[in-house]
Structures are given as structure tokens and as C-alpha cells.
Amino acid sequence: MSITEKSNISRKLLMIPGPSECFQEVLSSMSEPPPAHYMDDFVAIYDEVITLLKQVFGTRGDVFLITGSGSAGLEASITSLIEPGEKVISDEYYLKFLQAIGAKPIMLQRGRGEAITADMIEKILRREQDICAIAVAHNDTAQGLTNPIDEISEVAKKYSVLLIIDAVSSFGGIPIKFDDWGIDICSSASQKALSIPPGLVPIAVSRYAWEKIMNRKNPIPSRYLNLLTYREAHEQYGSWHPTPFTTSPTLVKALLVSLRKLMAEGLNNVYERHAKTAMAVREAVKSAGFKLLVMDEKYSSNTVTAVRWPDGYDYRKFWNLLYRKYNVMIGNPPAQWEAWPIFKDSFRIGHMGRTAMRDYVLSTISAIEKALIDINYPIKKGVMTEMVEAILT
């Protein structure tokens, strides 16, 4: 279905930073009767999913699926690897998980829209003693930026600390090189660039992470979010029951459909598509006089763009026009402000998985342009959509 024109949109386009729109093939697979979560038919599906996930992670090591939200992966990473009292350099995404187990997080201090750099981390490692790990997001969805994990990993190796990565909004849209970069635990989620509904957490674990886990002084304070549980289950009865708990066969089947689709397109082509659509979104909003939230554009995300909202214009009216009149939902709704006031300064556009395509981006930018005109923002009609067409045609 073409979605280039607003008149063709019969429902709201989901252009938030996740969950993203599902591929039609995914939706079709989910309408089929689910298999059991064990025995031959399901094991064949699960094993192929794991094989393909390893290609996306860029690893030959262990990969598992946890049933849960992306946060389950972050908590499983911390709960399994880190012990009470251990020091971990952390961003805001891992902070509360570290605090919950009695670890000692050392928060990275940075400005709004500022990427985490290797230099920032090395300064802390020079100053602080006995740090055991670094825990940061690969792609910072809240700020529309991608942290340079390849550079951060070099610092982690230099100081012999473990590296824990949140790849929830990058996995499947931005390259990850788990083995080459020396990542120790990397978790993702199904609902962003993989374009299936929320509910599955792919997670990769290095042999160095296993060594630390196996030599813990204290038991892992969880059964469900315990990576050893998944490893032991796979070793003991993975040939007929590949997960230690009941997973969602429907979602695993959907994930297989999505991964096969990515492989058919070619991962490099997928990453290039995300890069190109992201460029189109960035250039379109800049052509209207907006500024990106990211301070240094070389760190701009290829799956989500965060845009600073200018003073003097009614954002609440703008967002609601998009949502109610033009059938497009973007990130940072005014309803979010009470819980997360930091989002008052910007709006976010997701372009990941299925939505990292010309028609989705063009429809969204066209709607944004119309809503801006409706609130009397000074913009020439067509300037934003022409920019998208110039880049994506």
C-alpha cells in the first residue's frame, strides 16, 4: 500500500522511537495458530532465529532469547554480571538496575544531546580504582544519538573492564560488531528496528562475561533474569525445549519472518537504508529552521531523530494536530511531560525497521509541514517534503 499521501492513511502511522510499525509478513505470520513452545517444529524455528541473531550481533558466541521487554535485557545483564559493591561506569539507562542490586554506579556526566565518548570514560578510569564494567546504550533513543561503542570498547580493553551494551534501538538498524569490538553482554528488543511487537529480548554473552558470572562470590539474585538459567537450560534440554520458561512461539515465529526479511535484503543494505532515511529526516527538519538535539551531528542516530522545539510556538497544538488531524504519531507527546519533563524541549521521529522507508518518511514529514503551517510557524510549503524527495528518490 502506498502511504505517500495523507488520503491513503486509514490509521495512525506509528513514527515514535519504538515500538515501530510491523512488517505485513510479520502480521500475517502472527495470525496463524501458534506451535507449542517445545519439540521439533518449534526447535527448528528457534534454532534458525538464534543463527540469524548471531549474524546481526556479529558474534559466534552465545545468544539467547528472554521473553520480556527491553528492560528485562538490561536487568538480566546487570543482575547476572555485577555484584553488590562493585563499581560500574553507567549512563542513565542502567543506573536504577545497578542501584537495585547494591552496586556502585559512577554516573557519566554530560550535557543534553552530548554523546558518550571514549575520552569521558577514560577520565573516570584514570581517576577511579577497581571499576569492573562499563554499561552504556549504543543508541540513545531519548537524545537521537549513537554512542561510539567501537571507540569505547578500545578503552574497555585497555583498562581490562567488561563492556555491557544496550542495543534496544540500534539492533537491526545500525551495525553492531559484538566480537570485533569486544562487547561482553549486549541486549536488544524485538519492537524497534526488527519491526515485530514487544516481547522478546535477544541477548549475547561473551566468554569473559561467563568467566565472571561463574566466579561470582554471591548467588545471582534472580531466577528468571539470570543468564545462567538460560545457559543451563540450553545445555540440559535445549534439543527439545530451547528456553527455560514458556516463551511466545507466536513472537518467535514473527521474529524469524523479520530476520529472514533482513537477510534477504542484506544487512549492509538494511543499514544503508536506515542511514539514508535518517539523513532525509535530519535535512528536512533543518530545512525548516529546526536544530537537532544532538550536539555533534557525527553522532546522529540512524533510527531516531530528536529535534529541538523553538520557543514561542505552541508545541502542544502542533503535536495534537499531527496525532488527531494528520494521523501521524511522533515521540514526546505533551502527556509525557509530567513524568519526564526533560522531553519538553524536543520532539522525536522514529525511522527504524519498516518505517525506515521513503513512503513512511515522506508521509510523516508532509504531515509535520502541514501542522507547522497550521500553528503559523514560518515555513514555505513544500520545503521539507522536497528535501526528502531529493534524498530518497
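Qualifying GluC sites (Glu not before Pro) in segment 247-338, where qualification requires a DSSP coil assignment and no more than 12 other C-beta atoms within 10 Å, comprise Glu338.
Between Arg223 and Lys317, the FRET efficiency estimated from the beta carbon spacing at R0 = 45 angstrom works out to 0.40.
Among Thr51, Thr364, Thr247, the ranking by other beta carbons within 10 Å of each residue's beta carbon, starting with the fewest, stands as Thr51, Thr247, Thr364. Averaging the sequence gap over all C-alpha pairs within less than 8 Å and six or more residues apart, then dividing by the number of residues, gives the chain a relative contact order of 25 percent.
The ranking of Ser160, Ser248, Ser169 from fewest to most other beta carbons within 10 Å of each one's beta carbon is Ser160, Ser248, Ser169.
Taking 0.36 nm per residue of separation and subtracting the Cα-Cα distance, full extension of the segment from Lys96 to Lys325 would add 78.6 nm.
Helical runs assigned H by DSSP (4 residues or longer) give the chain a calculated mean residue ellipticity at 222 nm of -12500 deg cm²/dmol, each run adding -39500 (n - 2.57) before division by the residue total. Placing R0 at 22 angstrom, the Cβ-Cβ distance between Asp47 and Glu235 gives a FRET efficiency of 0.90 after rounding to 0.05. Result for the chain in a Gaussian network model with C-alpha springs under 10 Å: among Asp311, Asp345, Asp180, the largest mean-square fluctuation is at Asp311.
DSSP assigns beta bridges within the chain; of those with both partners inside it, close to 50 percent run antiparallel. Relative to the globular-protein estimate of 2.2 N^0.38 Å, the Cα radius of gyration of the chain stands at 1.00. Once you keep just the Cα pairs under 8 angstrom separated by 6 or more residues, what percentage relative contact order results for segment 255-393? Answer for segment 255-393 is 30 percent.
Sequence-distant contacts, meaning Cα pairs under 8 Å at least 6 residues apart, place the relative contact order of segment 188-332 at 15 percent. For the chain, the residue among Val155, Gly353, Leu125 whose Cα projects farthest onto the positive side of the dipole built from Cβ charges is Gly353. In this simple spin-label model, placing a label point 7 Å from the Cα along the Cα-to-Cβ direction at both Lys158 and Asp180 gives a separation of 2.1 nm. For the peptides 146-157, 317-328, 182-193, the ranking by packing is 182-193, 146-157, 317-328, with the highest mean count of neighbouring Cβ atoms within 10 Å listed first. Modelled spin-label separation between Leu267 and Asp359, with each label point placed 7 Å from Cα along the Cα-to-Cβ direction: 2.8 nm.
Build a GNM of the chain with springs between Cα atoms under 10 Å: which of Ala36, Ala367, Ala72 gets the top mean-square fluctuation? Taking springs between Cα atoms under 10 Å, the residue moving most is Ala36.
Considering segment 66-137, its Cα convex hull presents a mean projected area of 5.1 nm².
Phi angles across segment 294-299 convert, under the Karplus curve 6.51 cos²θ - 1.76 cosθ + 1.60 with θ = phi - 60°, into 3J(HN,Hα) values of 4, 6, 10, 5, 5, 9 Hz, Gly and Pro given as x.
Every read-out reported here was derived from the displayed coordinates using simple, explicitly stated rules and does not represent laboratory data. In this text the structure is predicted, and so the values were computed from the model without any measurement. No Cβ is skipped: glycine too gets one built from the backbone with ideal geometry, and neighbour counts run over all protein chains shown.
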